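Quick notes on the structure that follows.
The values are calculated or read from the model by the stated rules, or taken from the named source; none is laboratory data. No experiment lies behind these values; they were computed from the predicted model shown. Here the Cβ positions follow ideal geometry from the backbone for every residue, glycine too, while neighbour counts run over all protein chains shown.
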Amino acid sequence: MKDSSLDMRKQAIYTLGDIETGAALMALKEILATIDHLELQKAVVYAIEDMEEKASVSLFAQMLNEEKDLDMRRVIVRALGETDSDEAVPILEKLALEDKDKKVRLEAVNALEEIGTPKARAALLRIVKKKD
């Protein structure tokens, strides 16, 4: 990924995501760990989002535990919702109830809506009923 063209680098990231193998996922994780460019980091998240759901949910959860940048955290939360996986529901519910950043909390609620399963709807109901 030495090409200085941002578009070329992003396309290479998306192409890795299309491969959908364990090796491609490992390569995307390595890229994410070594780049500082926010647009490329977002591209990696979007590429992972399109991969096998269980691997992406656990990776996104790990990324949320490590990520400090609020914009990037919101991108990861949005990607969790795009997985349409019940595996993401407890993670999103906890974020909606406990995250320090209001925008992350709101994004988590939106992600639960995106998932839309009975488990996600139950989490939304618990969020509504939660007292401060």
>> Going through LEU97, LEU80, LEU64 one at a time, which residue ends up being over 27 Å from MET26 (Cβ atoms) and assigned to a helix (DSSP H, G or I)?
In response: LEU97
>> Going by what's in this entry, would LYS130 be described as at pLDDT 95 or above and more than 30 Å from ARG9 (Cβ to Cβ)?
In response: no
> Which residue pairs have Cβ atoms closer than 6 Å, lie 6 or more positions apart in sequence or on different chains, and pair a first residue in the range 10-22 that is at positive phi with a second residue that is surrounded by 14 or more Cβ atoms within 10 Å (Cβ to Cβ) and not acidic (Asp, Glu)?
Replying inline: GLU20/MET51
> Which of the residues spanning the range 11-49 are in a loop (DSSP other than H, G, I, E, B) and over 28 Å from LYS100 (Cα atoms)?
Replying inline: GLU20, THR21
> Inside the range 3-45, can you point out the residues that are among the hydroxyl-bearing types (Ser, Thr, Tyr) and either over 18 Å from ILE76 (Cα atoms) or surrounded by 17 or more Cβ atoms within 10 Å (Cβ to Cβ) (or both)?
Replying inline: SER4, SER5, THR15, THR21
> Looking at LYS119, is it in a helix (DSSP H, G or I), surrounded by fewer than 16 Cβ atoms within 10 Å (Cβ to Cβ) and not assigned by TED's automatic domain parsing to the domain that holds MET8?
Replying inline: no
> With (1) over 15 Å from the mean Cα position of the chain (by Cα); (2) assigned to a helix (DSSP H, G or I) as the list, and ASN110 as the residue in question, which single condition is left unmet?
Replying inline: (1)
>> Just the residues that are surrounded by fewer than 17 Cβ atoms within 10 Å (Cβ to Cβ) and modelled with pLDDT of 85 or more, please, taken from the range 47-57.
In response: none
